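Before any comments, here is the structure.
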Protein chains: 2
Amino acid sequence: MNLKQLSHMLSLSQTTVSRALNGYPEVAEETRRRVMDAAKRHGYRPNPSARRLATGKSGMIGYVLPTGKAVDIDPHFVEFLSGLGDYARSHELDLVLSPADADDQETTYRRIVANRQVDAVYISSPRPADRRLALVNTLGIPFIVHGRSEGFDFDYPYLDIDNEGAFHEAARLMLQLGHKRLGLINGDDRETFAIHRERGVRRALAASGLALGERHICSVTMTEENGYRSARRLLEQDEPPTAIVCSSLIMALGVVRAVRDLGLAIPGDLSLVAHDDVFPWLRPENFPVPLSTTRSSIRLAGARVAERLAARISGLEEGARGEVWPVDLVVRGSVAGAPA
Amino acid sequence: MNLKQLSHMLSLSQTTVSRALNGYPEVAEETRRRVMDAAKRHGYRPNPSARRLATGKSGMIGYVLPTGKAVDIDPHFVEFLSGLGDYARSHELDLVLSPADADDQETTYRRIVANRQVDAVYISSPRPADRRLALVNTLGIPFIVHGRSEGFDFDYPYLDIDNEGAFHEAARLMLQLGHKRLGLINGDDRETFAIHRERGVRRALAASGLALGERHICSVTMTEENGYRSARRLLEQDEPPTAIVCSSLIMALGVVRAVRDLGLAIPGDLSLVAHDDVFPWLRPENFPVPLSTTRSSIRLAGARVAERLAARISGLEEGARGEVWPVDLVVRGSVAGAPA
DNA sequence: CGAAAAAGCCAAAGCGCTTTGGAAGACTCT
DNA sequence: AGAGTCTTCCAAAGCGCTTTGGCTTTTTCG
């Protein structure tokens with residue numbers, strides 16, 4: 001059932017039927033009703049390919065997926081996706097993932113924009129002066145960044161959590177408990193979120209006249225194994241930290257294992273806080289010692305990004321609005337006063 | 001730069017240029033070269049929307065993503081996606097995720113097929129007599145199932161691992177080590193993979209004249225917490241199992257925690273084997289006691305599914321070929337002889 | 001050498017929608 | 001009543017590609 005058939009059986013022109021369906025004003029109310037009614041009754045749905053060709057709009061949002069033999073997709077992605085999908089579903093938005101060589105995403109961005117394959121894109125895990133950001137900005141496709149970049153002379157729309165504030169609070173808590181030597185097990189410090197977190201910790205320390213030495217920072221991809229290695233590196237030096245702030249629950253697993261291997265105890269010998277993106281399958285309260293966390297649901301962020309993308313596509317949102325969500329600090333059993 | 005312009009500057013008809021580019025035979029070799037050359041030089045790329053409208057082919061593969069407030073996307077998905085994307089990239093295939101109400105995916109399948117939004121789809125986590133499978137089968141869109149269903153009177157193309165064989169081997173190993181009481185911590189037993197795994201364990205036990213009682217089976221969604229609860233349930237009964245086979249590494253984390261909470265030891269009091277889908281961020285060799293696993297890379301499966309989908313789209317693969325991958329049994333420190 | 005077959009190219013008709021530029025009729029206003 | 005203004009609808013022109021059917025020109029072969 002296509003427009004031609006439908007308009008023919010209504011004895012109307014395609015023009016009128018099309019306008020009636022798309023809510024244009026120049027069609028009589030009664031006619032519109034007739035059309036809408038017939039469309040529903042016959043289950044007419046405009047062919048998206050045709051509509052796309054005519055309008056250039058696709059009704060889809062895009063994401064360029066970096067891939068490669070050595071590239072692992074972040075497990076956070078799936079949670080973000082849950083939220084995104086949840087919103088997108090209720091608005092009949094589809095998401096197209098365009099896999100790209102991790103080292104050459106530009107080609108892919110250019111392609112999907114030139115081809116008008118999607119109406120908007122989102123960018124995640126941005127770095128300072130991220131080239132993708134500059135690119136989509138000049139390409140002129142609506143977009144939203146999940147996270148933040150730095151060092152641009154233009155503003156851009158983003159959704160981020162207050163990473164600096166969160167880690168500032170976490171570190172401050174440790175300091176208040178009397179800890180003097182803090183360790184930071186961070187994610188890849190080429191990404192802005194990690195930079196912000198480190199900044200937060202440094203700021204808290206500075207306020208107490210302390211500093212964060214190079215040997216008290218680890219910056220690694222967030223795997224259990226790296227959590228373990230980092231913890232050992234931190235804890236096996238002279239004057240090891242008595243408190244650690246860690247960028248992910250998965251790494252925290254490794255930290256806990258290392259602590260145990262070293263014959264230490266949490267929170268007796270080491271206080272631990274980790275960032276929790278709220279995975280359904282791994283919960284901080286279920287750690288051997290319930291884990292204190294800075295918590296922010298990445299899933300909600302996904303939903304919000306979808307919502308804002310939809311708003312941008314339909315012109316409801318404009319400009320470079322940045323949105324920063326506060327982060328909860330949830331204190332559980334894994335923190336205590338500094339050992340004597 | 002579109003076809004019209006390109007053909008005009010070559011003084012050829014659109015027909016010829018189109019044919020030259022798409023490898024049709026009725027064009028002279030020299031002409032084809034000229035065309036290809038000019039196309040490359042001017043960076044001509046056919047507009048996919050137009051091509052779609054004309055051919056009905058979209059160059060994308062689809063996946064219907066079940067969503068909902070209470071629906072969690074499986075973390076395995078992201079690994080599968082890595083593989084899929086890796087292959088898709090090299091073939092300029094995009095993946096479109098169509099979010100659907102988890103309780104009504106049929107509408108979405110019908111939509112993407114009717115709209116010809118994608119050339120093929122894949123289905124994951126199938127259940128016995130899975131309705132999605134029957135649906136896409138009748139809708140006539142090329143598809144591949146990742147996993148298997150059961151109870152249909154038609155065959156279908158799939159890629160699955162030998163879940164039954166894997167868990168049969170795992171259980172047999174336990175039996176050979178003298179264990180008499182086995183526990184199974186399985187995934188959701190409405191899904192075929194879980195059924196197959198249970199079947200494998202039962203078969204191994206039966207061969208030794210043993211059976212798997214209801215109280216020795218847990219069937220739960222695969223979270224750390226459920227792993228913990230299941231392990232406690234199994235281990236706190238009279239005559240608890242001395243060996244457990246577990247369906248995922250994530251649950252195994254919970255099992256390990258439970259064992260520790262109960263003051264037991266692995267492998268002294270309990271032998272443990274879990275299935276490993278090969279996540280980059282959680283590795284069995286890094287468990288407190290290196291974990292024995294049945295191992296199969298879900299990422300490779302993703303790549304293979306993409307490959308086969310591409311083959312189906314281009315007509316290279318036909319029929320209902322099923323492909324079952326063997327599973328490695330990797331023995332590490334977490335298994336030992338049954339306690340006296 | 002002439003007829004038949006093959007090779008090489010093209011004009012034009014779709015694919016199914018949106019949108020432009022009117023046109024006809026109804027209504028308002030002087 | 002006639003001019004001007006809305007209102008409501010329509011024919012037709014795209015959007016950029018593929019594909020059908022046909023038309024020349026060249027090659028093949030008895």
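The values are calculated or read from the model by the stated rules, or taken from the named source; none is laboratory data. No experiment lies behind these values; they were computed from the predicted model shown. Glycine also receives a Cβ, built like all others from the backbone with ideal geometry; neighbour counts cover every protein chain displayed. Please note that ligands, DNA and RNA were not included when accessible areas were found on the heavy atoms of the full protein model with its side chains. Shrake-Rupley method; radii C 1.70, N 1.55, O 1.52, S 1.80 Å.
If I filter region A:144-151 for residues that are in contact with a Pro (Cβ under 8 Å, 6 or more places away or on another chain), surrounded by fewer than 17 Cβ atoms within 10 Å (Cβ to Cβ) and charged (D, E, K, R), do I get at least one hit? There is at least one residue in region A:144-151 that is in contact with a Pro (Cβ under 8 Å, 6 or more places away or on another chain), surrounded by fewer than 17 Cβ atoms within 10 Å (Cβ to Cβ) and charged (D, E, K, R).
For the condition near DNA strand C (Cβ under 10 Å from one of its atoms), open to solvent by 30 Å² or more (accessible area, probe 1.4 Å), of a type in the set (A, V, I, L, M) and at the interface with another protein chain (Cβ under 9 Å from one of its Cβ atoms), A:ALA50 qualifies.
Taking A:VAL136 as the residue in question, decide whether it is under 18 Å from the mean Cα position of the chain (by Cα), more than 10 Å from chain B (Cβ to nearest Cβ), part of a strand (DSSP E or B) and not polar (S, T, N, Q). Here the answer is no, as A:VAL136 does not meet what is asked. Put simply, of A:ARG148, A:ARG199 the only residue that is modelled with pLDDT of 95 or more, of a type in the set (Lys, Arg) and in a loop (DSSP other than H, G, I, E, B) is A:ARG148. In this entry, A:HIS76 passes the filter for residues that are open to solvent by 10 Å² or more (accessible area, probe 1.4 Å), away from DNA strand D (no atom under 15 Å from the Cβ) and over 18 Å from A:ALA310 (Cβ atoms). Only residues that are part of a loop (DSSP other than H, G, I, E, B) and facing chain A (nearest Cβ under 10 Å) were counted across region B:108-125, and they come to 4. Of the strands (runs of 3 or more DSSP E) entirely within region A:234-340, those holding at least 3 residues that are more than 27 Å from B:ASP72 (Cα to Cα) occupy A:243-246. Of the numbered criteria (1) under 18 Å from the mean Cα position of the chain (by Cα); (2) within 25 Å of A:ASP188 (Cα to Cα); (3) open to solvent by less than 60 Å² (accessible area, probe 1.4 Å); (4) at the interface with chain B (Cβ under 9 Å from one of its Cβ atoms), the one A:GLY68 fails is (1). Taking the criterion of being at the interface with chain B (Cβ under 7 Å from one of its Cβ atoms), in contact (Cβ under 8 Å) with a residue 12 or more places away in the chain and over 15 Å from B:GLU92 (Cα atoms), the residues of region A:86-107 that qualify are A:ASP86, A:ALA88, A:ASP94, A:LEU95.
For region A:10-41, enumerate the residues that are farther than 30 Å from A:PRO142 by Cα, exposed (fewer than 12 other Cβ atoms within 10 Å of the Cβ) and more than 12 Å from DNA strand D (Cβ to nearest atom). Of everything in region A:10-41, those that are farther than 30 Å from A:PRO142 by Cα, exposed (fewer than 12 other Cβ atoms within 10 Å of the Cβ) and more than 12 Å from DNA strand D (Cβ to nearest atom) turn out to be A:ASP37, A:LYS40, A:ARG41.
Selection of helices (runs of 4 or more DSSP H) fully inside region A:9-107 by the criterion of at least 3 residues being among the charged types (D, E, K, R) returns A:29-41, A:76-89. Tallying residues that are buried (at least 20 other Cβ atoms within 10 Å of the Cβ) and within 14 Å of another protein chain (Cβ to nearest Cβ) within region B:221-245 yields 9. Contact map, region B:1-15: residues that are within 14 Å of chain A (Cβ to nearest Cβ) paired with residues that are open to solvent by 80 Å² or more (accessible area, probe 1.4 Å) and near DNA strand C (Cβ under 10 Å from one of its atoms), Cβ distance under 6 Å, separation 6+ or inter-chain. Pairs shown: B:LEU3/B:GLN14.
So in region A:71-80, with the set limited to residues that are within 7 Å of chain B (Cβ to nearest Cβ) and not aliphatic (A, V, I, L, M), which one is nearest to the chain's Cα centre (by Cα)? Only one residue tops the list, namely A:PHE77. Condition test on B:GLY83, is it in contact (Cβ under 8 Å) with a residue 12 or more places away in the chain, within 10 Å of chain A (Cβ to nearest Cβ) and within 16 Å of DNA strand D (Cβ to nearest atom)? So B:GLY83 does not fit the description; no.
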